[in-house]
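Undergrad: Just dropping this structure here.
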Amino acid sequence: MSDTDTNFQNQRRTDITSLIRLISSAANDAMHSWEQETGGIPSLDDSVPDSARAVSSPDLLRAVRLLEGACGQLCAALSPTFISVVNRAWAPLDAACLRVAVDAKIPDVLEGHPHGLHVSAIAKQTALPAEKLARTLRVLSMKHCFREVAKDTFANNRLSHALRSQLPLTDLVWTFENICNPPAWTHLSETLADSAYGPSDDLAKSAFSWGVREKMPDTPLFKYLATRPEESERFGKAMTAWQLGGVQEFYPIADLPENTTWCDIGGGMGGVLIPVANRNPQLRLTLQDQPHVVEEAKNNFAKECPDALKENRVSFVPINFFTESPVPNQDIYYMRMIIHDWPDAASVDILTNVRKAMKPSSRLLVRAYSSSTQYFSSRSKILHAVASTDDYVLISSVAASEGALETRGDVAPSPLLPNYGTGGARPFYMDVNMMCMLNAKERSLDDMIELGTKAGLVFVKFWDCVEMSIVEFKAANALGAQQPQSTQQVLSHGAHLWGVSQRPTRAPAYLLRKLANPRRKLTHHTAGSLCPTGAPLDAETLDPAQRKDGVHTLLKLIASSANDAVALWEQEAGSIPSLDEAKPDSTCASHPDLLRSVRILEGACFQLCSTLSPTFITLFMKGFAPLDAACLRVAVEAKIPGILENNPGGLRVAEIAMKTGLPANKLSRVLRVLSLKHCFREGQFVFFYAALPPALTRPMTVSKDTFANNRLSIALHSSAPLADLIHFFDSVCTPLAWNNLYDALMDPANGPSEEPTVCAFSWGAKDTVFGHLQKHRFGRAMTAIQLGAVHDFYPIGSLPPNATWCDVGGGVGGVLLPIAQAYPHLRLTLQDQPHVIEEGKKHFEQTCPAALQDNRISFVPLDFFKESPVPEQDIYYMRMIVHDWPDAACIQFLTNIRRVMKPTSRLLIQEYVLTDSVTESTSRTDKAGPNLPGVVDAPKPLLRNYGAGGIRPFLMDLNMMTLNNARERSLEDIIHLGHSAGLEFVKFWDCVEMSIVELKAA
């Protein structure tokens, strides 16, 4: 290794170490803020709203911004590219941006330009409008897909390089954004509530079929694809992108003897068989699929594995696996991502046809996503995993009873959820995806064994492959022979349930803890008395010290898993991969130990952020995720938090379904996805291992399909404005605007337009956003955005008695209400459109009647384009107004304000203020003027604008672009608008989220 390479490697190690230290220091700062403001750290299991004082604490907001940025960057740096890109593809606005990059082939345009291209050059080659394209690429680069190397100059990096047009991961992203999201995911809530679609398991009554019903009524996915050859081809290529947990990484293929026969049933275009053929020349291979797919597979082999064809090591045989058996007497039959497409009866038909062809020594390997969403059964010794299928198997594990032994060894360490939370969420995303696309499902191991039994197969072994695992079967002695029907019976028959590389049997975690502290005993209780103290789980059972210890444990997990991943990359690849290198991952990206480390890392990072972030931040980010957002919409529209409000121990999903009219079997899967990311809590009761304090141990649910509110879900109660904000995101923004981003940009009339009536929203809704909105819900939704509140940063308390404050465009009083409550010495005026003013009066009558009784507030209608506000106020205030309008309109209403200002008046404009990731703050200070305190770059190695931790202003910028052709602005932009209206810049107030620009009359 050269000195340069050594320096780079040392710097990468230093960067990883710095990120870990940043996470630790930010978490400790956040804990200090919570303790200072509320007396303790909140728990994810609290069913009470956040303290308004705490969530507006500037120090807490700064700490959480740093924490989010460091966690996001650490995961991006150490995760395999596939995980990072696929995780991004779930997010609706991220995914809409990814679609722009993919469909416009921007990674291809940038290839060969290591120093990047200016956006004008990219726009010229892609025929997209440069200014809007820059905003789109900036959002991607803030989450480390593409790299902004200079202002408006972008280059490929490790993630974007994997999205070049010839690569299957590109087709997978395209499939998510063109086949899954607009037709299917967006319509999840409607289809669940529909009396015909909701309870149906018919392939033609899925959310996807709902989405295409106007063009192709009663059309299931595969019939739809059959009529669209180009889309079908891309879909087939997309399936080859699923390579994590490759079969050869876990199953001992290399040990198979010479001339072993291997038949890949439904093998697609060879995504699995080609790497098997390349690495195992001793095998005789057969690929079977539909005739047109088999032809594509031949072409793929000719390109990627020509030796197998020349040596006659692979055969291609068409098959209809519903009506035909595969080639007979093969040693290994293999099926990957097949069974999860079909209902039980069809799956049994497929497996039976395979069974007919098997010889006594044959084995059938069914690939499945391994997942451990688990609940403890109080009546058995089986720890069942919560539903998933052939391609995603939900695993069962040995019970937690004294003396029980666990050989699986991969249950997540405490305090993570047993299934790794976010780190293990992909199988559950896939489960809901299959429900949306095909009314299909992922299955538990019990389910898989039962299918095999009905088809005359005997369960042999489970191979845990971290991502997609393997269920191994053999043929029964005779069709219909008696077989074990459950995992419990399998255990009693002595089968190798876990069998992961013949791991030695070891005591489960709770026994290890008990041995470490033998004076404490595992305490079993019943009916709501299952923690060592005998009290039900409640926030009060965890004292502040225990909560802090839980956070410190998460920090240790992040550090240890990151260091494990670093060691693995260096050992297997020679170095830690860089986010800035346009190189593909090495083959060690599929290494089992790396996948395990990343799974812990993802789960610990997300749970740490969820624990310490204000609820709004966590749910705001969820609101941009298409599948998360679709599930959130179900919860909000069905008012599930309200149903659970008076049931702290939770309700069975059957009861929730009865109250909502939604199908229970599908609703449980939706709620489970939310609970995996700590929105809702699954399980009626919990117990803790007594060897450690409760805060350090994992609550294990006693009752499957029982859900309760927690700190996040309670904030989605129908009486809370945040529920209206989520409704706005999921019912208006996603289907009518975000999903149309690429199409609107490509349209020669819509793309370059700055007109509010010619934007992505008008493309989708054939209306303007203000004409479409339900004014009441939208107005309430805007009151939910309270982070960076003006009274937490601007010295309102120092204003003299009877100082006047005019809120221009103040809505229903979301900002003015807390000011009126906290500062009775002020004289306030709220100005907006007449119907909004009336709503504002009602709002004050309900929540702050004293301000009305004391005549401290006035309500004055205003059209700020045509009129000036009330004259000679000490403070004029505008929040989230400027971002709605183009420059000319902004200058018009700012000029109207300037006309009535006295020399001592101040205008405070509060908006999301954009800061770029490449210009140092000192340079920005020099441009803006001398009075620019508080603009501080993020600590290295974060992006200067905090990357993922500072992304909300940039997401809002894209949101405004798609809704109204509007925008968020930089500080320089706002100062320029002020100058054009006769206003002079005074000061910038950094409020972390939405900041304040202070102006005075020139």
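The values are calculated or read from the model by the stated rules, or taken from the named source; none is laboratory data. Keep in mind it's a predicted model, so treat the numbers as computed, not measured. Neighbour counts are summed over all protein chains in view; Cβ atoms, including those assigned to glycine, are modelled from backbone coordinates with ideal geometry. Just so you know, the surface numbers come from the protein's heavy atoms only, side chains and all, with ligands and any DNA or RNA stripped out. Shrake-Rupley method; radii C 1.70, N 1.55, O 1.52, S 1.80 Å.
Undergrad: Considering only protein heavy atoms, with the full assembly of protein chains and a 1.4 angstrom probe, order Tyr224, Tyr333 by accessible area, largest first.
TA: Largest accessible area first, the residues go Tyr224, Tyr333.
Undergrad: Probe radius 1.4 Å, ligands and nucleic acids ignored: give me the carbon and sulfur share of the accessible area of region 782-850 as a rounded percent.
TA: 55
Undergrad: Describe numerically, in nm with one decimal, the distance between label points set 7 Å from Cα along Cα→Cβ at Asp887 and at Asn299.
TA: With each label placed 7 Å out from Cα toward Cβ, I get 4.9 nm.
Undergrad: Got a sec? What order do Asp887, Asp743 fall in by accessible area at 1.4 Å, biggest, i.e. largest, first?
TA: Most to least solvent-accessible, the answer reads Asp887, Asp743.
Undergrad: Still on this structure, I have one more. With every protein chain left in place, what is the accessible area of Val348 in Å² (1.4 Å probe, nearest 10)?
TA: 20
Undergrad: Now a separate question. Based on the Cβ-Cβ distance from Ser980 to Met746, what FRET efficiency comes out when R0 is 22 Å, to the nearest 0.05?
TA: 0.10
Undergrad: Next question, about the same structure. To the nearest 0.05, what FRET efficiency results for His772 and Asn802 with a Förster distance of 51 Å applied to their C-beta separation?
TA: Once the sixth-power term is evaluated, E becomes 0.75.
Undergrad: Residue separation times 0.36 nm, minus the C-alpha to C-alpha distance between Leu256 and Val870: what's the value?
TA: Extra length available between Leu256 and Val870 comes to 212.5 nm.
Undergrad: Given labels modelled 7 Å from the Cα in the Cβ direction, how far is it in nm from Glu131 to Leu309?
TA: With each label point 7 Å from Cα toward Cβ, the separation is 5.1 nm.
Undergrad: Between Ser858 and Ser325, what length comes free when the chain is fully extended (0.36 nm per residue of separation minus the Cα-Cα distance, one decimal in nm)?
TA: In short, 183.9 nm is gained.
Undergrad: Classify region 171-316: rounded, prolate or oblate, from the alpha-carbon gyration tensor (a ≥ b ≥ c, eigenvalue square roots; a/c under 1.5 rounded; otherwise prolate if a/b is larger than b/c)?
TA: Prolate, because a/c is 1.5 or more and a/b exceeds b/c.
Undergrad: Next up: How much accessible area does Cys75 have with a 1.4 Å probe, in Å² rounded to the nearest 10?
TA: 20
Undergrad: Over the Cα atoms of region 95-246, what is the Rg over Rh ratio if Rh follows Kirkwood?
TA: Ratio of gyration radius to Kirkwood radius: 1.07.
Undergrad: So, one more: If I take R0 = 35 Å and measure r between the Cβ atoms of Asn665 and Asp593 in this structure, what FRET efficiency does the formula 1/(1 + (r/R0)^6) give, to the nearest 0.05?
TA: 0.45
Undergrad: Subtracting the Cα-Cα distance from 0.36 nm times the residue separation, let me have the gained length for Ala193 to Asn10 in nm, one decimal.
TA: 60.3 nm
Undergrad: Averaging sequence separations of C-alpha pairs under 8 Å and six or more residues apart, then dividing by the length of region 954-1002, give the relative contact order as a whole percent.
TA: The value is 25 percent.
Undergrad: For the pair Asp349 and Lys215, how long in nm is the line joining their label points, each one 7 Å along Cα→Cβ?
TA: Each label point is offset 7 Å from its Cα along the Cβ direction, giving 2.8 nm.
Undergrad: Write down Rg/Rh for region 810-866, rounded to two decimals, with Rg from the C-alpha atoms and Rh from the Kirkwood relation over Cα pairs.
TA: 0.96
Undergrad: What shape does region 716-818 take by its C-alpha gyration tensor, where a ≥ b ≥ c are the square roots of the eigenvalues and a/c under 1.5 counts as rounded, a/b above b/c as prolate, and the rest as oblate?
TA: prolate
Undergrad: Using a 1.4 Å probe on the protein heavy atoms only, what accessible surface does Lys310 show? Give it in Å² to the nearest 10.
TA: In the full protein context, Lys310 sits at about 150 Å².
Undergrad: Shape verdict for region 92-176, please, from the Cα gyration tensor: rounded (a/c under 1.5), prolate (a/b greater than b/c) or oblate.
TA: rounded
Undergrad: Here is a further query. Rank these by accessible area, largest first, 1.4 Å probe: Asp973, Asp464.
TA: Correct descending sequence by accessible area is Asp973, Asp464.
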